[in-house]
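Peer 1: My structure is below; once you've seen it, I'll send some questions.
The values are calculated or read from the model by the stated rules, or taken from the named source; none is laboratory data. All values derive from a computational prediction rather than experimental measurement. Using ideal geometry, Cβ is built from the backbone for each residue, glycine included, and neighbour counts are taken over all protein chains shown. Ligands, DNA and RNA are stripped out before the accessible areas are found, and what is left, the full protein with its side chains, is counted by its heavy atoms. Shrake-Rupley method; radii C 1.70, N 1.55, O 1.52, S 1.80 Å.
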Amino acid sequence: MLNKQFILYSLIGLLCLITELSTFKFFLTFFELNIFIANILSIYLASLISFTLNGIYNFKNFDHKIKRYIIFVSIIILGSAVSSLLLNLFSYYLSVMIAKSLTIPFVVFLQFFLNKNFTFKLRFSEK
């Protein structure tokens, strides 16, 4: 059975997915950006929403925001790299939007695991 944290993470993720896909399409259509630049920008915007909502409502650990955000951004960078590699691979065989959609489940599981176990679990001293 899926745990409550993963379900809430997934619901927040759905909102972020809509944000990510719509901004990805927006950057491609209106700014005619390279697909990899549009990919990274859309991931970053959706991830800002995810960090805030998951910190407050899901993991309920929103202290040391700057330290946690640095870890979170590091995980975003790793997720972006994985997403870009998969996008590059999948876009040889599929349309860009389908390829982009297929990268998301891989990144969701990777980032959930890392955020749960590092970003929001670490305890920082009060020095």
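Peer 1: Could you please find all residues in the stretch 25-49 being closer than 28 Å to Leu94 by Cα, touching a residue at least 24 places away in the same chain (Cβ under 8 Å) and within 13 Å of the chain's Cα centre (by Cα)?
Peer 2: Passing the criteria: Asn39, Ile40, Ile43, Tyr44, Leu45, Ala46, Ser47.
Peer 1: Now a separate question. Mind telling me which of the residues Leu78, Leu11 ends up being under 11 Å from the mean Cα position of the chain (by Cα), modelled with pLDDT of 90 or more and open to solvent by 70 Å² or more (accessible area, probe 1.4 Å)?
Peer 2: Just one listed residue meets the conditions, Leu78.
Peer 1: Could you please find all residues in the stretch 27-55 being within 18 Å of Phe112 (Cα to Cα) and of a type in the set (Phe, Trp, Tyr)?
Peer 2: If the condition is that a residue be within 18 Å of Phe112 (Cα to Cα) and of a type in the set (Phe, Trp, Tyr), then Tyr44, Phe51 are the ones that fit.
Peer 1: Pick from Phe90, Phe51, Phe109: which is closer than 18 Å to Gln5 by Cα and open to solvent by less than 50 Å² (accessible area, probe 1.4 Å)?
Peer 2: Residue meeting the stated conditions: Phe51.
Peer 1: So, in the stretch 93-104, of the ones that are open to solvent by 40 Å² or more (accessible area, probe 1.4 Å) and among the aliphatic types (A, V, I, L, M), which residue ends up farthest from the chain's Cα centre (by Cα)?
Peer 2: Leu94
Peer 1: A further question on this structure: Give the stretch 1-24 a look and list any residue that's in contact (Cβ under 8 Å) with a residue 60 or more places away in the chain and more than 13 Å from Leu45 (Cα to Cα), or say none.
Peer 2: Once the filter is applied, which keeps residues that are in contact (Cβ under 8 Å) with a residue 60 or more places away in the chain and more than 13 Å from Leu45 (Cα to Cα), the stretch 1-24 yields Gln5, Phe6, Tyr9, Ser10.
Peer 1: Condition test on Phe124, is it outside any helix (DSSP H, G or I) and either under 15 Å from the mean Cα position of the chain (by Cα) or not acidic (Asp, Glu) (or both)?
Peer 2: yes
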